[in-house]
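A short write-up of the structure that comes next.
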Amino acid sequence: MMHRLISALAFTLFASSSLAGAASAQDYAYTLIQNDENVGYLRVEKDGASETVTYHVDSNGRGPKHTESITLNDAQLPVSWTVEGTSLMGAGVNENFALKDGVAVWSSQADSGRESVSEPTLYAINDGSPWADYVYARALLQDEDGTLPVLPSGSISLEKIDDVSIDHEGETIGLTLYRLSGIDLGASLIALDEDGIFFTNFSMIRDGYADLLPRLQSISRKKRDERLSRLARDLRHTFDQPFAIANVRVLDPIDGDLGEPVMVTVDGNRIASIEPWSADAVVQTGMSVFDGEGGTLMPGLWDMHSHASSTSGLYYLAAGVTSTRDMGNDNEFLADLLAKQETGALIGPRITPAGFIEGRSPYSARHGIIVASEEEAVDAVNWYADRHYPFIKI
């Protein structure tokens, strides 16, 4: 009990000192970097409990461009949050959230609602900027358990990952890495400085420190991959011997018919046999058998236009997608991802990569290789060919 009390006191002191630092700062400026190029910015003007956020992204002719207005209460929870402008693909955005007298009201492109609130609660912004993660983290630092309920539903949690120090032009910068999880499919990482202020989400970084991004991204990839490797170890099931799926009907994709119940035996990555099945069927001794309960067994699905990420592989497999065609990515990242999947460090579908080549223009996507001449384009094709890419995308 005494240990918990001391821990809670230390937590409270840390949170209070962090927020005191936040209150003294007035303006913040950040740059968004993709494939080593500046593609956007974030500006924040803070006046007491009010924050005005300007967010502008221009990549591949797309990108959100909007302004957010946020009002905080004493617990650093938004009691008002509005977003006006355009979304990623250019659609108009007019999102509103307000909490007054214990009643929360919101509307966005995704939904609208009204709900009575009797405990500290966060609103999950639909068309927000990267600043939103800091809004969540700042509020969660005030909660002893680091977890708060979220509107419209669910909860969000903050977990401290590590403290890191990084040198920059003779200055040592201390950062604390946190993982936010709960309201998105995947967790996100955010780093706060020694005053508890948002420093980077590993693509958006404070102005003047863009040269630190490669080093910080290396740290974030390591932390992310450690978590994903644990999941891969816990979730993967491998078999040294053949295994079988019994009592299933096999889909004939040509005529769409389902046959009689069968038992499908798999040896390695190959279907070894498809045999009639009945309740008294004899099964090879020592072979693992899974009961299909009369369901349909069908080939793994293909996603013909994907952009792989470290976490997407888990969701693909859960949805029955076993092969994808990656139509453009960060080349260094994709090579690393393929290598980790090959060794089993990460889980995901088979990936057929396309070498992405983009002509330089104001609308260039910041992935693959950006070229400005025929010679550079030919060099890019050869670069991909040397690495055994089966095709390119231009």
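Brief remarks follow.
- Restricting attention to region 125-149, the residues that are open to solvent by 20 Å² or more (accessible area, probe 1.4 Å) and aliphatic (A, V, I, L, M) total 1.
- Test set (1) open to solvent by 50 Å² or more (accessible area, probe 1.4 Å); (2) in contact with a Pro (Cβ under 7 Å, 6 or more places away or on another chain) - Arg114 fails condition number: (2)
- Verdict on Asp163 being acidic (Asp, Glu) and part of a strand (DSSP E or B): yes
- Subset of region 377-389 (residues that are of a type outside the set (Ser, Thr, Tyr) and either assigned to a helix (DSSP H, G or I) or out of contact with any helix residue (DSSP H, G or I) (no Cβ under 9 Å at 6 or more places or on another chain) (or both)): Ala377, Val378, Asp379, Ala380, Val381, Asn382, Trp383, Ala385, Asp386, His388
- Matching residues in region 219-249 - criterion: being open to solvent by less than 40 Å² (accessible area, probe 1.4 Å), over 12 Å from Ala345 (Cβ atoms) and not aliphatic (A, V, I, L, M): Ser220, Lys223, Pro242, Asn247
- Yes/no for Met263 being open to solvent by 30 Å² or more (accessible area, probe 1.4 Å) and either touching a residue at least 12 places away in the same chain (Cβ under 8 Å) or out of contact with any strand residue (DSSP E or B) (no Cβ under 8 Å at 6 or more places or on another chain) (or both): no
- Ile254 meets the conditions (1) surrounded by 15 or more Cβ atoms within 10 Å (Cβ to Cβ); (2) farther than 30 Å from Ala345 by Cβ; (3) not hydroxyl-bearing (Ser, Thr, Tyr) in every case but one. The failed one is (1).
- Strands (runs of 3 or more DSSP E) within region 16-120 that include 2 or more residues closer than 21 Å to Leu192 by Cα and in contact with an Asp or Glu (Cβ under 9 Å, 6 or more places away or on another chain): 27-34, 37-47, 50-57, 65-72
- Failed item in (1) open to solvent by 70 Å² or more (accessible area, probe 1.4 Å); (2) over 18 Å from the mean Cα position of the chain (by Cα), with Glu159 passing the rest: (2)
- Number of residues in region 190-205 that are in contact with an Asp or Glu (Cβ under 9 Å, 6 or more places away or on another chain) and either open to solvent by 10 Å² or more (accessible area, probe 1.4 Å) or not aliphatic (A, V, I, L, M) (or both): the value is 3.
- Here the condition is being of a type outside the set (S, T, N, Q), exposed (fewer than 11 other Cβ atoms within 10 Å of the Cβ) and on the phi > 0 side of the Ramachandran plot; of Gly85, Gly90, Gly170, it holds for Gly170 alone.
The values are calculated or read from the model by the stated rules, or taken from the named source; none is laboratory data. Please read all numbers here as calculations on a predicted model, not as lab measurements. Using ideal geometry, Cβ is built from the backbone for each residue, glycine included, and neighbour counts are taken over all protein chains shown. All accessible areas refer to the heavy atoms of the entire protein, side chains included, with ligands and DNA or RNA removed. Shrake-Rupley method; radii C 1.70, N 1.55, O 1.52, S 1.80 Å.
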